[in-house]
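Presented below is the structure to which this report refers.
The values are calculated or read from the model by the stated rules, or taken from the named source; none is laboratory data. This structure is a prediction, so every number in the text was calculated from the model and none was measured. Ideal geometry is used to build each Cβ from the backbone, glycine not excepted, and the neighbour counts take in all protein chains shown.
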Amino acid sequence: MQVICLDLEGVLVPEIWIAFSQRTGIAELSRTTRDEPDYDKLMRFRIELLRKHGLKLADIQEVIAGMGPMAGAKDFLDDLRSRYQVMILSDTFYEFAQPLMRQLGWPTLLCHKLEVDADGFVTRHLLRMADQKRHAVNALRLLNFQVIAAGDSYNDTGMLMSAHAGFFIHPPESIVAQFPQFPVTRSYAELKASIDAAAGKLRG
């Protein structure tokens, strides 16, 4: 039995924090895991910026409500789900993801939560567990699943290393240079072909 594990932001949907940065004009909020590999450090930085600028969870959710999947993402995901079990492993938050999951047909999503105070300000991020993508892949392997994973950023490399086969999809060149062991795909068609080829090899 095979499971496909995919990152969400930058793979199936646009980067939420980049969209929010563009809407607010706060350039510092455009930093993502492509720029900062330490996710805890990145989230603390974001939460401090939100408080500094008086921005609440509802302000972020308003931007997300106007977002949609990347072009071709829904068809790509539907095709995979018709032939494999698919799981989205993301470092986003349930408070962000619901509108996007609805547009993608409610795929299985494992991510994190936010703590919000009575005034609606984000006070801290609550990780389900550190390095959760890698741990999820390892758990699936312990259950005797063959795992194929795809992502685009630093925080995906743990799951790519742990999977039976791992691929980048349209990653920045700086990350490609640091992790040359992962094949790079530049479109959903290329990624689908790579997944199918890896699945065939794993089946033997």
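If the condition is being of a type in the set (A, V, I, L, M, F, W, C) and farther than 30 Å from Arg203 by Cβ, then the stretch 57-84 contributes Leu57, Ala58, Ile60, Val63, Ile64, Ala65, Met67, Ala71.
Please pick out the residue among Leu114, Leu55, Leu89 that is assigned to a strand (DSSP E or B), within 23 Å of Gln22 (Cα to Cα) and not β-branched (Val, Ile, Thr).
Leu114
Every test in (1) in contact (Cβ under 8 Å) with a residue 12 or more places away in the chain; (2) of a type in the set (Lys, Arg); (3) in the same structural domain as Tyr188 (by TED's automatic domain parsing) is passed by Arg46 save one, and that test is (3).
Exactly one residue out of Leu143, Leu109 is among the aliphatic types (A, V, I, L, M) and either out of contact with any strand residue (DSSP E or B) (no Cβ under 7 Å at 6 or more places or on another chain) or at positive phi (or both): that is Leu143. Checked against (1) surrounded by fewer than 16 Cβ atoms within 10 Å (Cβ to Cβ); (2) farther than 23 Å from Asp75 by Cβ; (3) under 18 Å from the mean Cα position of the chain (by Cα), Leu160 passes all but a single condition, namely (1).
Scanning the stretch 179-204 for residues that are surrounded by fewer than 20 Cβ atoms within 10 Å (Cβ to Cβ), among the hydrophobic types (A, V, I, L, M, F, W, C) and outside any strand (DSSP E or B) returns Phe179, Ala189, Ala193, Ala197, Ala199, Leu202.
Conditions tested, residue by residue: (1) among the acidic types (Asp, Glu); (2) in contact (Cβ under 8 Å) with a residue 12 or more places away in the chain; (3) over 18 Å from Leu160 (Cβ atoms); (4) in contact with a Leu (Cβ under 6 Å, 6 or more places away or on another chain).
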| residue | (1), (2), (3), (4) |
| --- | --- |
| Lys52 | no, no, yes, no |
| Ile60 | no, yes, yes, no |
| Arg102 | no, no, yes, no |
| Asp119 | yes, yes, yes, no |
| Arg128 | no, yes, yes, no |
